[in-house]
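A short write-up of the structure that comes next.
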Amino acid sequence: MFGMNITTAEVSNELRDNPKFREHIGELQTLTIDWTKSSAEDDSDTFVYDAKGSKGSGVVTVKHVTDDDGEETIVSASLRLPDGRTVQVVP
């Protein structure tokens, strides 16, 4: 569990300054892993997070891997907005 808290913090830091993410979420306030949705993913490197920010909220599906330095790197990320639209955030 401790390891996932660190991973979530690293993913938060990567998403925080992403222009597409900020356009819809604004200043990131919380990013919380959804274990139920994450366990339903076919890929063990893909996790689902609930994001809340100053402009709105959404569900972020993120594929991330640990690089050679032990840091999490986002390979892809999409944001599903409350109205059902999906925005590709990374790449």
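FYI, it's all coordinate maths here, none of it is from the lab. Keep in mind the model is a prediction, meaning the values are calculated, not measured. We place every Cβ from the backbone using ideal geometry, glycine too, and count neighbours over all the protein chains shown.
For region 5-91, the set of trypsin sites (Lys or Arg not before Pro) satisfying both a DSSP loop assignment and a count of at most 13 other C-beta atoms within 10 Å is given as LYS55, ARG85.
The long axis of helix 2-16 is offset from the longest Cα principal axis of the chain by roughly 40 degrees. What number comes out for the charge environment of LYS55, summing +1 per Lys or Arg and -1 per Asp or Glu over other residues with Cβ under 12 Å away? Taking every Cβ under 12 Å from that of LYS55, the sum is 0.
Treating cross-link reach as a plain straight distance, find the aspartates and glutamates whose alpha-carbon is under 16 Å from the alpha-carbon of LYS37, omitting any fewer than eight places away in the same chain. In chain and number order, the partners are ASP45, ASP50.
Our coupling estimate for region 70-76, obtained by passing each phi through the Karplus curve with A = 6.51, B = -1.76, C = 1.60 and θ = phi - 60°, is x, 8, 7, 10, 7, 8, 8 Hz, Gly and Pro reported as x. Take the Cα of ASP50, go 7 Å toward its beta carbon, and the backbone nitrogen atoms of region 15-32 under 12 Å from that spot belong to 30-32.
Charged neighbours of GLN88, selected by a Cβ distance under 14 Å, balance to +3 (K, R count +1; D, E count -1).
Could you please report the charge total around ILE25, scoring K, R as +1 and D, E as -1 over all other residues with beta-carbon less than 12 angstrom from its beta-carbon? Net charge around ILE25: +2.
Taking amide H positions as modeled 1.01 Å from N, with prolines and chain starts lacking one, the residues under 5 Å from ASP34 and 5 or more places away or on another chain are VAL48, TYR49, ASP50.
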